[in-house]
Structure formats: structure tokens, C-alpha cells
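Q: The following block contains the structure, expressed as C-alpha cells.
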Amino acid sequence: MVSAILAALLIQTLSKSELVTGGETVGRLGERTAVCRRLGYPVDELIAEDAANRFARQAAGAGWGQDAIIHVIQAGVDLEQANLPFSEPIADLPADELPFHAKRLASDAKQLCRQFAESHPGVITDLAQGEQAIDDRFAAALRAR
């Protein structure tokens with residue numbers, strides 16, 4: 001009971017900028033989880049979902065409407081997408097540049113998800129499996145060319 005009251009007081013004292021930062025962090029966490037999953041890493045998506053649900057409850061407790069909550073989380077997603085070290089699909093690369101770019105893209109992808117796994121333990125459930133998936137995907141792309 002006391003902890004619920006303290007939590008309510010804490011939520012009410014959070015400044016708007018703290019809530020914005022929290023929502024953006026949730027958006028970034030969700031997007032990075034999705035990116036690593038698409039790259040072939042097994043992930044625990046419940047961690048990002050739980051963070052989003054906690055943020056939504058905090059923001060709602062501070063008087064935020066659903067649109068504002070969605071907007072700030074989407075801003076985090078957009079920030080994360082803008083900061084990705086790769087953006088062009090491997091299929092769009094010129095054939096003579098593919099070997100160089102494939103190695104760079106594979107390295108960047110592995111580094112991105114490795115750093116994510118270190119900063120958010122438990123989100124990526126098997127780092128080695130994800131890195132092997134990247135190697136397999138890029139090797140297949142090179143063979144297809």
C-alpha cells in the first residue's frame with residue numbers, strides 16, 4: 001500500500017521532459033529489439049512490451065492521453081531508425097560493391113546487436129545464433145549474385 005502511494009507520488013513528480021525521455025527510450029528499445037529480430041537474433045519481445053506498458057501507465061498517471069503516449073514512443077522509434085548504421089537493403093547494392101559492403105554491413109549489424117545485448121541483458125536470448133544468422137544471410141546474398 002505504501003509503495004503504491006510512493007509510486008503514485010513519484011509519477012506525479014516526473015517532469016514532462018523525463019516522461020518524454022522515458023517514452024523515447026521505450027521506442028528505441030522496441031525498435032532495436034525489432035531490428036535485431038529481423039536480422040535473425042532470437043529476442044524476448046516481452047521485455048520491450050513490459051517497458052512500453054510501464055511507461056504508458058506512468059504517462060497516463062501523469063495525465064497524458066493515449067495520442068501523446070503513442071507520439072513520444074514513435075519519436076523514439078524514429079530516432080533509433082535514424083541512427084542505424086545501415087539503411088540500404090543488400091539487394092540494392094551494385095554487384096561489384098557487394099563483397100565489400102556485405103562484410104561492412106554484417107559487421108555493423110553484429111556490433112549493433114552485440115552492444116544492444118550488453119546494454120539490455122536478456123532481450124537477445126542467443127547472441128551466437130543471431131551472429132550465425134547474419135553470416136548465413138550475407139553468404140547467401142553473395143552466392144545469389
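Q: Pick from segment 20-36 the residues that are over 8 Å from the mean Cα position of the chain (by Cα) and either surrounded by fewer than 24 Cβ atoms within 10 Å (Cβ to Cβ) or basic (Lys, Arg) (or both): which of them is farthest from Leu105 (Cα to Cα)?
A: Here the residue is Val20.
Q: Right, another one. Which numbered condition trips up His71, out of (1) modelled with pLDDT of 95 or more; (2) not in a helix (DSSP H, G or I)?
A: (2)
Q: Can you pull out every residue in segment 91-138 that is among the charged types (D, E, K, R) and either at pLDDT below 75 or not in a helix (DSSP H, G or I) (or both)?
A: Quick first cut of segment 91-138, residues among the charged types (D, E, K, R) only: 92, 96-97, 103-104, 108, 110, 114, 118, 126, 131, 135-137.
If the condition is that a residue be among the charged types (D, E, K, R) and either at pLDDT below 75 or not in a helix (DSSP H, G or I) (or both), then Asp92, Asp96, Glu97, Asp126 are the ones that fit.
Q: Given the conditions (1) farther than 22 Å from Ala144 by Cβ; (2) not in a helix (DSSP H, G or I), report the number of the one that Gly40 does not fulfil.
A: Gly40 satisfies every listed condition except (1).
Q: Kindly list the number of the only condition in (1) open to solvent by 80 Å² or more (accessible area, probe 1.4 Å); (2) at pLDDT 80 or above that fails for Glu88.
A: (2)
Q: Looking at segment 24-56, which of the residues that are free of Cβ contacts under 8 Å to residues at least 40 places away in the same chain and of a type in the set (Lys, Arg) is nearest to Gly122 (Cα to Cα)? Walk me through how you get there before you give the answer.
A: We begin by selecting, within segment 24-56, every residue free of Cβ contacts under 8 Å to residues at least 40 places away in the same chain; these are 34, 37-38, 45-46, 49-56.
Imposing the further condition that a residue be of a type in the set (Lys, Arg) reduces the set to 37-38, 54.
Values: Arg37: 13, Arg38: 17, Arg54: 18 Å.
Taking the candidates together, the pick is Arg37.
Table: residues versus (1) more than 23 Å from Leu29 (Cβ to Cβ); (2) touching a residue at least 40 places away in the same chain (Cβ under 8 Å); (3) surrounded by fewer than 17 Cβ atoms within 10 Å (Cβ to Cβ).
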residue: Phe100; (1), (2), (3): yes, no, yes
residue: Arg104; (1), (2), (3): yes, no, yes
residue: Asp108; (1), (2), (3): no, no, yes
residue: Gln115; (1), (2), (3): no, no, yes
residue: Glu118; (1), (2), (3): no, no, yes
residue: Ile124; (1), (2), (3): no, yes, no
residue: Leu127; (1), (2), (3): no, yes, no
residue: Phe138; (1), (2), (3): yes, yes, no
residue: Arg143; (1), (2), (3): yes, no, yes
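The values are calculated or read from the model by the stated rules, or taken from the named source; none is laboratory data. If you're wondering where the values come from, they're calculated on a predicted model, not measured in any experiment. Cβ sites come from the backbone with ideal geometry, for glycine too, and all protein chains shown count toward neighbours. Note: accessible area is taken over every heavy atom of the protein model, side chains too, but ligands, DNA and RNA are not part of it. Shrake-Rupley method; radii C 1.70, N 1.55, O 1.52, S 1.80 Å.
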